[in-house]
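Structure, as structure tokens:
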Amino acid sequence: MNGKTIYLTAVTALSLLLPASQAQNLSLTVDAGQAVGTVSPRFFGLMTEEINHSYDGGLYAELIQNRSLMDNATKAIHWSLVQRQAAKAEMSLDDSTPLNEVLTNSLRLDITTASEAGPAGVANDGYWGIPITPNTTYRASFYARSDNHSGPLIAKLESADGSTTFAETKLSGVGVAWKEFGLNLRTGALNPTKGRFVIYATRRGSLWLTLVSLFPPTFNNRPNGTRPDIMRMLADLKPSFLRFPGGNYVEGDTVETRFDWKKTIGPLTSRPGHQCPWGYRSTDGFGLLEFLQWCEDLHMEPVLAVYAGYNLDHSHIEPGAALQPYVQDALDEIEYTCGDASTTWGGRRAQDGHPAPFPLHYVEIGNEDWFDKSGSYDARFAQFFDAIKAKYPKLECISTVGTEHPENQRVHSRKPDVIDEHYYSSAATFDSDSPTHFENYDHNGPKIFVGEWAAYEDVVPWEPPSRKLPPTPSLKSALADACWMAGMERHSDLIVMQCYAPMFVNVNPGARQWRPNLIGYDGFNCFGSPSYYAIQMFSQNHGDTILKTTASPGLNQSATRDSATGLIYVQLINPKGQPAPVDITLQNVTLLAPTATAITLSAPDETASNSVDKPAAVVPVTTTVPNIQPSFTYSMAPYSVTVLQLKPR
Ligand code: AHR
């Protein structure tokens, strides 16, 4: 019997029927006859931006780091010179022979001595090592030119020290003009290992290389695609929308480093990349069309955030004529997303390989514009709002100034369709605030989008000390997150959309800027935090009708019913270390099945967490609860999130 089995047994024992009238019991009444609202069909979604190596070194499956040599102005970082046996060569970063006006740098290799037995080459160490896995076909490509070296070249996947070759392919045909080369590298049986990718030259001469790319198999076999393991984890969250591309990433530190979407589309040779606000350079290999295809792959609707003239250095573009080009850029971006192929930018999307328009209902104007203390957001929002509504009257415009910052200006001159509010709170705050937080919102006002939220344990997410803690949260945070979700679900007629942030973290040392994060990974594996599983439990188990509940003060709970199946879902959270019996009364139900299903996320210790080495330390378990009646007692396990599925007979 392993530890998990012992614990399951304990949970089951605690869930047995207890006398319904214990003095200390909490109480919950669910009135199945009183619908208090309809659960928004877009309630569960995802939020994403380039942070913590979310795409480069993350979801985007590219394995070569600094593939176009644009990441550093003076050094060919992540590249090293390899000289086998008697080979002699020098490697340098070079801008004398650009591929085009966008990719202006290349890697120059000057070889004085080389042969097939003793070649000279350049090696890339990838994102914390190139993950080399057995029986895998990798697709490599690169641009090369030479005045005096026609090859052959040998591309290899090898161990980090070069002592073992896992796959190799020889090619020839390098000429004076830049030319693209493509090849496959197939590994055999091996133990997964971190390695490097090397291009070897076998003759004396000078060689230039750029846009060196290496992809393992991708989700749906898309070229320039995504990691299948991470995509599968996201699919399990059943997301209905994706908010992108930020977050701070849409704003940039400066206007020049905003998410300039027109520089992220088309062939990779036309994407220069840009400095992202989280301290590293983005290749923009994962650009606007890739975000949209990601939506399509997971059946999500895009919630498109457009740059709105505010930058993280606190500068802004004056509303009026100066802002107009950015408004036009947003209109073009919307057209690229949802215009048909006969429009200018819809036509460009078709040319880029996707003739069909993507569905679009929501456009977010900026990000966290309450940071803009100049007071310009009202007029900036109005300018975008008027232009978008004039061309796309059905699109809903989201304001980024919400009630969570009452000290800041609200948008007054136009009524936003939706307001985006962000909540990064301590676990203790979520525990206590969740039962009442949304009680007094005006249901006749704008709808609410909780576009970023997460509980942290002790250290605020953006402070450097948080980086000393594990990259993903513990069960303690997941319990608080579940409290917050229960509060939002009870108001999911008003809260039309919500999503946790940040979604991704590369767990390698130095890869992250923020903590906590929902999903962690290295080059080989990914895992969900306990918060991931709490969200999965909620998103996989809810109905379409919010039911009226009456609960003991402080009990975090929510109940919904599915009109098609009649199933009633009750969410219960116990953030404390002792069992907590709840007397549950179901009103206005006549015929209940005698057993219910309980899905429970729990651990004996609230500091328990998951990691790349122990991905399933805290995962939901499913049990059967017997003797269900209109009044029964369910004992919540210590430190637990529970979903009860109550079935009609
Ligand atoms: O989620 C991390 C950051 O938090 C986002 O980029 C920003 O919108 C918020 O301040």
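The values are calculated or read from the model by the stated rules, or taken from the named source; none is laboratory data. Keep in mind that this is a model prediction, so the values were computed, not measured. Here Cβ is always computed from backbone atoms with ideal geometry, including for glycine, and neighbour counts include all displayed protein chains. Surface areas here come from the heavy atoms of the whole protein model, side chains and all, with no ligands, DNA or RNA. Shrake-Rupley method; radii C 1.70, N 1.55, O 1.52, S 1.80 Å.
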Residue pairs meeting the criteria (Cβ under 8 Å; at least 6 apart or on separate chains; first under 14 Å from residue 106 (Cα atoms) and in the same structural domain as residue 170 (by TED's automatic domain parsing), in segment 133-148; second of a type in the set (A, V, I, L, M, F, W, C) and open to solvent by 50 Å² or more (accessible area, probe 1.4 Å)): 143/178; 144/178; 145/176; 145/177; 145/178; 146/176
Every pair of residues 6+ apart whose Cβ atoms lie under 7 Å, when the first sits in segment 247-265 and is at pLDDT 95 or above while the second is within 12 Å of the ligand (Cβ to nearest atom) and among the charged types (D, E, K, R): 247/49; 248/49; 249/49; 249/50; 258/251
Test: residue 373 is modelled with pLDDT under 95 and either within 16 Å of the ligand (Cβ to nearest atom) or open to solvent by 60 Å² or more (accessible area, probe 1.4 Å) (or both): yes
Scope segment 472-487; condition open to solvent by less than 10 Å² (accessible area, probe 1.4 Å) and touching a residue at least 60 places away in the same chain (Cβ under 8 Å); matching residues: 472, 473, 475, 478, 479, 480, 482, 483, 484, 485, 486, 487
Qualifying residue in segment 335-356 (condition: in contact (Cβ under 8 Å) with a residue 12 or more places away in the chain, more than 25 Å from residue 387 (Cβ to Cβ) and touching a Ser or Thr at 6+ places or on another chain (Cβ under 8 Å)): no
Residue satisfying all of: in segment 176-193; in contact with a Phe, Trp or Tyr (Cβ under 6 Å, 6 or more places away or on another chain), in a loop (DSSP other than H, G, I, E, B) and open to solvent by 40 Å² or more (accessible area, probe 1.4 Å); nearest to residue 94 (Cα to Cα) among these: 178
Count - residues of segment 530-575 that are assigned to a loop (DSSP other than H, G, I, E, B) and surrounded by 24 or more Cβ atoms within 10 Å (Cβ to Cβ): 2
Segment 232-279, subset closer than 24 Å to residue 130 by Cβ and touching a Gly at 6+ places or on another chain (Cβ under 9 Å), residue farthest from the ligand (Cβ to nearest atom): 268
Residue that is in a helix (DSSP H, G or I) and either modelled with pLDDT under 95 or open to solvent by 10 Å² or more (accessible area, probe 1.4 Å) (or both), where the choices are 196, 203, 232: 232
Every residue from segment 592-649 that is open to solvent by less than 50 Å² (accessible area, probe 1.4 Å), of a type in the set (Ser, Thr, Tyr) and part of a strand (DSSP E or B): 597, 600, 602, 623, 633, 634, 635, 640, 642
Residue 515, sole failed condition from (1) touching a residue at least 60 places away in the same chain (Cβ under 8 Å); (2) within 14 Å of the ligand (Cβ to nearest atom): (1)
Residue among 496, 460 that is assigned by TED's automatic domain parsing to the domain that holds residue 436 and within 16 Å of the ligand (Cβ to nearest atom): 460
Hits in segment 336-370 (condition: touching a strand residue (DSSP E or B) at 6+ places or on another chain (Cβ under 7 Å) and either farther than 27 Å from residue 289 by Cβ or away from the ligand (no atom under 16 Å from the Cβ) (or both)): 337, 358, 359, 360, 361, 362, 363
Cβ pairs under 7 Å, 6+ apart, first in segment 371-392 and assigned by TED's automatic domain parsing to the domain that holds residue 316 and of a type in the set (Lys, Arg), second open to solvent by 10 Å² or more (accessible area, probe 1.4 Å) and outside any helix (DSSP H, G or I): 380/319
Filtered residues of segment 499-512 (kept if within 14 Å of the ligand (Cβ to nearest atom) and either among the aliphatic types (A, V, I, L, M) or part of a loop (DSSP other than H, G, I, E, B) (or both)): 499, 500, 501, 502, 503, 505, 512
Exclusive hit being surrounded by fewer than 17 Cβ atoms within 10 Å (Cβ to Cβ) and either away from the ligand (no atom under 16 Å from the Cβ) or modelled with pLDDT of 95 or more (or both), set 405, 443, 422, 437: 443
Residue satisfying condition, being within 16 Å of the ligand (Cβ to nearest atom), open to solvent by 10 Å² or more (accessible area, probe 1.4 Å) and in contact (Cβ under 8 Å) with a residue 24 or more places away in the chain, within set 45, 58, 33, 37: 45
